[in-house]
1. In the neighborhood of residue 113, defined by Cβ-to-Cβ distances under 14 Å, what is the net charge if each Lys or Arg adds +1 and each Asp or Glu adds -1?
2. Per residue, how much accessible surface does the chain expose to a 1.4 Å probe? Answer in Å², no decimals.
3. How much net charge surrounds residue 128 when only other residues with a Cβ under 15 Å from its Cβ are counted (Lys, Arg +1; Asp, Glu -1)?
4. Extension gain residue 49-residue 118, at 0.36 nm per residue separation less the Cα-Cα distance, in nm?
5. Residues of region 63-94 with backbone nitrogen within less than 15 Å of a virtual label 7 Å along the Cα-to-Cβ line of residue 209, please, listed as ranges.
6. Using θ = phi - 60° and the Karplus curve 6.51 cos²θ - 1.76 cosθ + 1.60, what whole-Hz ³J(HN,Hα) does each residue of region 74-84 get, with Gly and Pro shown as x?
7. ³J(HN,Hα) across region 104-115 via Karplus (A = 6.51, B = -1.76, C = 1.60, θ = phi - 60°), whole Hz, x for Gly/Pro?
8. Rounded to whole Å and sorted largest first, list the principal axis extents of the Cα atoms in region 135-222.
Amino acid sequence: MMMNLFAVFDPVSVFGLHLNWVSIFIGLLIIPLLFWVVPCRYVSLFLIIFNLLSKELQSIFSKKWGGVIFLLCCLFWFIALNNFFGLFPYIFTASSHVIFTLGLPFPVWLSLMIFGWVNMTNKMFAHLVPVGTPFVLMMFMVIIESVSNLIRPITLSVRLAANMIAGHLLIVLLGGVISGSLVIISSGIFVMMMLLVLELAVAFIQAYVFVVLSGLYSAEIN
């Protein structure tokens, strides 16, 4: 009987409660506490990455939106830490589920859409028709741009979940076929280590892509 590969992503129920989702908050345990007279290396690294990311996001906006940039930086660390801890054995990978990833961009997208349509209605209508669009194509461009705006949170969430699922499935598949001689086992372990390094990079890259795209979508109403 063939095992369902996607069963590794299923949450386990304990007394009717899916306690696996508690793993989402594991990252809160390692957030740097600024109780040091001289910041340690970990806190310094955290602040350096935070500042670099905030400068990167600031270049996207034409105005200074400190609150939005701070929110996006926090969202980056939240996603990156969840992706990172998902690589450890026996830790539930919440970011591989669309129900989790969709809950990240949807509130941000919805709040920005409401803010834009209420306060800058004319500008939001102008975004539906790009500059230089022929008159004949204007109706089609309005439909295309409207659909594009509506599916943005879905594309962001599916991209993140699909990338996390793909890497974990490769590791599971490779781990299930490693057997035989010492050479095959050694080669398989080496390839798995390379995959883990790749997944570690993907964990942070996908968080960065998620946040940058969210920032670009937010900058349209800036």
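1. 0
2. 63 Å²
3. Overall, the nearby charge balance is 0.
4. Going from the current span to full extension adds 21.4 nm.
5. 80, 83
6. Residue by residue, region 74-84 yields 5, 5, 4, 5, 5, 5, 4, 5, 5, 5, 5 Hz.
7. After applying 6.51 cos²θ - 1.76 cosθ + 1.60, I find 7, x, 5, x, 5, 4, 5, 5, 5, 5, 5, 4 Hz.
8. For region 135-222, the Cα extents along the three principal axes come out at 69, 26, 17 Å.
The values are calculated or read from the model by the stated rules, or taken from the named source; none is laboratory data. For clarity, every value in this text was computed on a predicted model and none was experimentally measured. A quick note on method: Cβ atoms are made from the backbone with ideal geometry, for glycine too, and the neighbour counts reach across all protein chains shown. Remember, those area values only see protein heavy atoms, side chains included, never the ligands or the DNA or RNA. Shrake-Rupley method; radii C 1.70, N 1.55, O 1.52, S 1.80 Å.
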